[in-house]
Amino acid sequence: MALPAYATPLERKWHVAFRVLCVLVFIFLVIPVLIVIPLSFNSEAFFTFPMPGVSLRWYDEFFGSERWMDAIKNSATIAISVTFLATSLGTLAALGLSRAGFPGRAAVMSILIAPIIVPVVISALGMYFFYNTLGLISTVPGIILAHTALATPFVVITVTATLTGFDHSLTRAASGLGARPLTVFFRVILPLILPGVISGALFAFITSWDELIVVLFIASPETRTLPRQMFSGIRDQISPTITAAATILILLSIMLLTTVELLRRRSEKLRGIRP
Amino acid sequence: MVSTAVPAGGLIEGSAVLKSHLRRAERTRKLRAVGLVLPLFLFIMVSFIIPIGVMLFQSIYDPDIRTLMPNTAAALDTWDGADLPDETVFAALVQDLAAAQKEKKAALIGRRLNYEMSGLRSELVKSGKAAMTMTAGPYKDQMIAVAPIWGDRATWAVIKRAARTYTPYYYLSSFDFEYTADNDVVAVPEGQAVYKAVFVRTLGISLLVTALTLVLGFPVAYLLATQPPRIANLLLILVLLPFWTSLLVRTTAWVVLLQTQGPINDLLMLTGLVDERVQLIFTRFGTIAAMTHIQLPFTLLPIYSVMKTISPSHMRAARSLGANSFYAFARVYFPQTLPGVAAGCLLTFILCLGYYITPALVGGPTDQLISTYIALFTNSTVNWGMGSALGTILLASTLVLYFVYNRLVGIDRMRLT
């Protein structure tokens with residue numbers, strides 16, 4: 001967006017102001033996320049700069065604390081189960097929805113996507129009431145059920161997106177050559193939509209891993225997850241251990257979502273879509 | 001799969017057979033597609049749609065008094081409300097209270113009645129204890145002697161209303177209306193109205209945050225859209241980085257930043273803008289800063305994806321026809337970005353309405369949005385009816401806005417990254 005040579009002085013000034021504004025917005029976007037990383041290596045329990053010294057004591061505290069480790073264990077159990085459930089259910093549904101002439105597609109789709117449209121507080125409230133009557137409150141299966149509901153829309157969306165432009169004559173060719181439906185799925189369809197499925201799985205994982213509101217409503221101290229532990233940490237007394245936890249979470253999100261982005265590009269290449 | 005052999009019976013007959021074969025094949029295909037979707041559909045029904053239905057139901061379903069005070073509720077059905085109820089009602093009351101007291105449920109009655117008339121709770125506990133010891137009537141005077149509330153017509157009006165199994169009470173309360181002793185619906189006196197202010201605050205903060213994200217996001221989207229792809233992709237990472245980190249982590253970051261002994265105050269002191277450290281955490285300023293930061297990518301990305309599709313030749317054409325750059329921008333470029341602006345702003349606005357975690361951690365008591373009250377009523381004060389009514393109102397507003405969003409953008413095209 002180089003300025004043309006015929007730009008007026010006013011335009012030049014405006015151009016500079018515009019650039020400055022953009023730089024400020026970028027700082028606003030990035031600094032708040034990145035600033036917790038150096039603070040997590042602070043040798044003192046303060047959040048002020050300059051830091052008096054560098055140490056790993058907060059990481060030591062994080063990995064040495066039973067509470068934090070239990071929370072990580074809970075979060076991992078829940079998130080992995082959710083990933084498995086949401087990915088299987090979501091992928092199957094996306095395959096069905098992408099068939100031509102699916103009856104009432106728009107209506108069914110809006111019900112399947114609803115969990116990410118409805119504010120999570122409302123879902124959490126309804127789940128609290130209903131799971132209470134089922135005896136699922138404060139249990140790990142209850143949280144898995146709730147998180148799977150919140151995570152499946154992401155799988156449906158990513159896999160449906162991968163399936164648009166999917167060449168259905170490939171499956172017809174495979175069945176025409178005598179492959180049974182399961183073989184067609186595992187040998188023909190799955191390899192082609194795999195990037196979408198993996199993206200969906202990662203989204204499902206991160207949805208459950210980061211989810212806090214439902215957990216606030218239906219978890220007990222024994223079923224405390226990592227976000228729940230962070231939440232009470234921030235509420236009671238904000239300590240740098242939380243910045244250590246936050247740093248680990250930031251790195252994890254960056255890793256996961258970089259993978260998603262790479263997969264998306266690969267999928268576009270596989271399907272011959274130029275960005 | 002479809003049989004293509006034409007039977008010997010002639011072309012017309014053959015095509016009829018073919019058609020029925022095709023229909024059958026189509027039907028199998030359709031059934032198979034439905035079969036694939038069915039597991040998830042049922043799963044979402046059980047784990048999500050039914051819970052939402054239960055919540056909607058809870059907002060009008062109010063069986064407590066009818067089950068805890070069955071005799072009184074039945075006796076009051078014929079009460080006209082004009083004067084104090086007669087002895088039969090009092091007898092029923094004593095019977096119910098004694099039974100409730102025995103099962104330690106008098107406090108539950110008190111809690112429900114207390115919603116509509118504060119102070120009833122302790123009186124009920126007292127009356128419950130007294131009712132246990134009463135052996136013979138007439139009960140009317142004995143009860144009034146134990147607790148004067150029984151001599152007040154308003155108390156009985158509250159009980160008669162609360163004895164309805166289905167009640168509009170929680171919705172009326174949500175909009176700051178209440179009943180009088182004569183069952184008229186009136187607005188709550190100015191000083192006691194709570195929820196109107198909460199709704200206005202929720203809307204106000206959501207609008208302000210939406211406007212801020214637009215003001216900050218639009219220029220950056222324009223910069224990204226007009227840079228060569230290599231630079232644009234690099235800059236895009238700066239937008240996606242916060243977008244990818246979890247909401248709780250970003251909120252944590254703001255809690256750290258806004259501390260009185262924190263980095264922002266460090267910077268303010270260093271630059272000499274302030275003489276002593278200022279309170280930033282638990283303020284409206286902090287809430288709005290954090291929410292704007294979290295929502296900025298949601299507004300920015302849809303605008304960017306629309307801007308990417310606008311051909312730069314439009315601007316060049318406008319310039320070569322004599323428009324200066326501001327005029328060309330305002331009349332040629334900007335109108336084309338409006339679909340993206342609408343999509344981004346609407347999405348941010350909808351998401352802001354449901355904010356809970358960020359105001360809870362960064363804001364003060366007067367910065368809480370509607371979701372905080374929903375959570376409070378459910379988890380702390382256990383007034384499920386009120387939580388559900390507020391939840392239903394939030395749900396309805398969100399769905400209406402999504403309907404608009406769907407018309408404008410299409411929910412299918414919602415972008416994840």
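The values are calculated or read from the model by the stated rules, or taken from the named source; none is laboratory data. For clarity, every value in this text was computed on a predicted model and none was experimentally measured. Don't worry about glycine lacking a Cβ; one is built from the backbone with ideal geometry, like all the others, and counts go over all protein chains shown. These accessible areas exclude ligands, DNA and RNA; they are computed on the full protein's heavy atoms, side chains included. Shrake-Rupley method; radii C 1.70, N 1.55, O 1.52, S 1.80 Å.
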- Item | With 5 Å bins from 0: P(r) over the stretch B:285-376, alpha-carbon pairs, percent | 2, 13, 17, 14, 12, 11, 9, 8, 6, 4, 2, 1, 0
- Computed over chain B: longest principal axis from alpha-carbon atoms vs helix B:195-226 long axis, angle to nearest 10 degrees, is 10 degrees
- Task: Would you be so kind as to identify which of B:Ile149, B:Leu84, B:Met132 lies farthest towards the positive end of the dipole of the stretch B:64-165, taking Lys and Arg as +1 and Asp and Glu as -1 on Cβ and the Cα centre as origin?
- Result: B:Met132
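For B:Leu235 and B:Arg32, what does the FRET efficiency come to when R0 = 51 Å and r is the distance between their Cβ atoms, rounded to the nearest 0.05?
Details: r = 46 Å, r/R0 = 0.90.
Calculated transfer efficiency: 0.65.
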- Query: What residue among B:Ala187, B:Ala318, B:Ala162 shows peak mean-square fluctuation when chain B is described by a Gaussian network model with Cα springs under 10 Å?
  - Reply: B:Ala318
- Message: Please give the charge dipole size of chain A, origin at the Cα centre, charges +1 on K and R Cβ atoms and -1 on D and E Cβ atoms. Round to the nearest 20 debye.
- Response: 1160 debye
- Note on the structure: Ranked by GNM mean-square fluctuation in chain B (Cα springs under 10 Å), the top entry among B:Gly119, B:Gly110, B:Gly217 is B:Gly119
- Holding the Cα-Cα limit at 32 Å, pick out from A:Lys13/A:Lys269; B:Lys196/B:Lys308; B:Lys126/B:Lys196; A:Lys73/B:Lys105; B:Lys160/B:Lys196 the pairs that are longer than that. A:Lys13/A:Lys269; B:Lys196/B:Lys308; B:Lys126/B:Lys196; A:Lys73/B:Lys105
- May I ask for the angle, rounded to the nearest 10°, between helix B:384-408 and the longest principal axis of chain B, with both axes built from Cα atoms and the value confined to 0 to 90°? 20 degrees
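Please compute how much accessible surface disappears when A pairs with B, both sides summed, using a 1.4 Å probe, and round it to the nearest 100 Å². If you can, show how the numbers build up before the last one.
On the way: alone 16310 and 23730 Å², together 32110 Å².
Protein heavy atoms only, the A-B interface buries about 7900 Å².
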- Under a 10 Å cutoff between Cα atoms, tell me which one of A:Ser110, A:Ser123, A:Ser88 has the largest fluctuation in the Gaussian network model of chain A. A:Ser110
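Under unit Cβ charges (Lys, Arg +1; Asp, Glu -1), what dipole magnitude, rounded to 20 debye, does the protein assembly as shown have relative to its Cα centre? Intermediate results must be reported in sequence, preceding the final value.
Working: 54 positive and 38 negative charges, 690 e Å.
Here the protein assembly as shown has a charge dipole of around 3320 debye.
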- Dividing the mean separation of Cα pairs under 8 Å (6+ apart) by the residue count of chain B yields a relative contact order in percent of 16 percent
- Query: In the protein assembly as shown, what is the volume of the convex hull around the alpha carbon atoms, normalised per residue and reported in Å³?
  - Reply: 245 Å³
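Rounded to two decimals, what is Rg over Rh for the stretch B:64-165 when you use alpha-carbon atoms and the Kirkwood radius?
On the way: Rg = 11.8 Å, Rh = 13.1 Å.
Rounded to two decimals, Rg over Rh is 0.91.
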- Item | Binned Cα-Cα distances of chain A, short to long, each 10 Å bin given as a whole percent | 6, 21, 25, 22, 16, 8, 2, 0
- Note on the structure: About its Cα centre, the stretch A:80-226 carries a charge dipole, from +1 on Lys and Arg Cβ atoms and -1 on Asp and Glu Cβ atoms, whose size in debye to the nearest 20 is 500 debye
- Alpha-carbon centroids, the stretch A:79-105 and the stretch B:161-210: separation in whole Å: 41 Å
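Of all accessible surface on the stretch B:327-417 at a 1.4 Å probe, what whole percent is carbon and sulfur? Don't skip to the end; give the middle numbers.
Values: 2360 of 3500 Å².
Of all accessible area on the stretch B:327-417, carbon and sulfur atoms account for 67 percent.
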- Given Cβ charges of +1 for Lys and Arg and -1 for Asp and Glu, the option among A:Val215, A:Ala245, A:Leu194 whose Cα lies farthest towards the positive end of the dipole of the stretch A:193-271 is A:Leu194
- Item | Span-rule helices in chain A, defined as complete DSSP H runs reaching 24 Å or more along the axis (Cα) with Kyte mean at least 0.0 | A:9-34, A:66-98, A:140-163, A:190-210, A:240-270
- Rounded to the nearest 10, the angle in degrees between the Cα long axis of helix B:87-102 and the longest principal axis of the Cα atoms of chain B comes to 70 degrees
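Return the calculated 222 nm mean residue ellipticity for chain B, to the nearest 500 deg cm²/dmol, obtained by summing -39500 (n - 2.57) across DSSP H runs with n ≥ 4 and dividing by the residue count. Don't jump to the answer; show the numbers that get you there.
Details: 21 runs with 287 residues, N = 417.
Value at 222 nm, helices only: -22000 deg cm²/dmol.
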